[in-house]
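Asker: Pasting a structure below so you can have a look.
The values are calculated or read from the model by the stated rules, or taken from the named source; none is laboratory data. None of the values given here were measured: they were computed from a predicted structure. Using ideal geometry, Cβ is built from the backbone for each residue, glycine included, and neighbour counts are taken over all protein chains shown. All accessible areas refer to the heavy atoms of the entire protein, side chains included, with ligands and DNA or RNA removed. Shrake-Rupley method; radii C 1.70, N 1.55, O 1.52, S 1.80 Å.
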Amino acid sequence: MHLGVGGFHRAHQALAVDELLRRGEAREWGICGVGLMSGDAAMRDALRPQDGLYTLVTKHADGGLEARVVGSIVDYLFAPDDPEAVLERLAHRTPASCP
């Protein structure tokens, strides 16, 4: 779970998780983003119709651009819409965390 799925998160942490997923090293991982502020509704509205996928464009030192589709955000909850769903997800024990 990540609170506040802004540009920095999507360009760094979500990208790192996506890379692990692509290499087959974290098949059980995925990020559930949570929006808390009213402005986060825009992220909800952008990610939902794309199933959490987004394109990250990296600009290299030589000026070249590289586009990549990132798929590590598997769910997005907007807390003002359903605060109980956010609390339930926070409290949920995943199989990987069970002893």
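Asker: Angle check, please: helix 13-22 long axis (alpha carbons) against the longest principal axis of the chain (alpha carbons), in degrees 0 to 90, nearest 10.
Answerer: For 13-22 against the chain, the angle is about 80 degrees.
Asker: What is the distance, in nm, between label points placed 7 Å from the Cα along the Cα-to-Cβ direction at residue 26 and at residue 84?
Answerer: Taking the simple label geometry, residue 26 and residue 84 are separated by 3.2 nm.
Asker: Something else now. Full-extension gain between residue 57 and residue 38, please, as 0.36 nm times their residue separation minus the C-alpha to C-alpha distance. If you can, show how the numbers build up before the last one.
Answerer: Details: separation 19, 0.36 × 19 = 6.84 nm, distance 2.63 nm.
In short, 4.2 nm is gained.
Asker: For the chain, what is the charge dipole size about the Cα centre, in debye to the nearest 20, if Lys and Arg each add +1 at the Cβ and Asp and Glu each add -1 at the Cβ? Before the final figure, lay out each step's value.
Answerer: Details: 10 positive and 14 negative charges, 48 e Å.
For this selection, approximately 220 debye.
Asker: Give me the accessible area of residue 18, 1.4 Å probe, in Å² rounded to the nearest 10.
Answerer: So the heavy atoms of residue 18 present about 10 Å² to solvent.
Asker: Moving to a separate point now. Once amide H atoms are placed 1.01 Å from N in the peptide plane, what residues at a sequence separation of 5 or more from residue 78, or on another chain, have their amide H within under 5 Å of its amide H?
Answerer: Amide H to amide H, under 5 Å and 5 or more residues apart or across chains, residue 78 pairs with 35.
Asker: Continuing with this model, one more query. Suppose a student asked you for the relative contact order of the chain, using Cα pairs under 8 Å spaced at least 6 residues apart; what percent would you report?
Answerer: On the way: 124 pairs, mean separation 29.6, N = 99.
Answer for the chain is 30 percent.
Asker: Taking amide H positions as placed 1.01 Å from N in the peptide plane, with prolines and chain starts having none, which residues 5 or more places from residue 2, or on another chain, fall under 5 Å of its amide H?
Answerer: Residues meeting the criterion, in which the H sits 1.01 Å from N, are 32, 33, 34.
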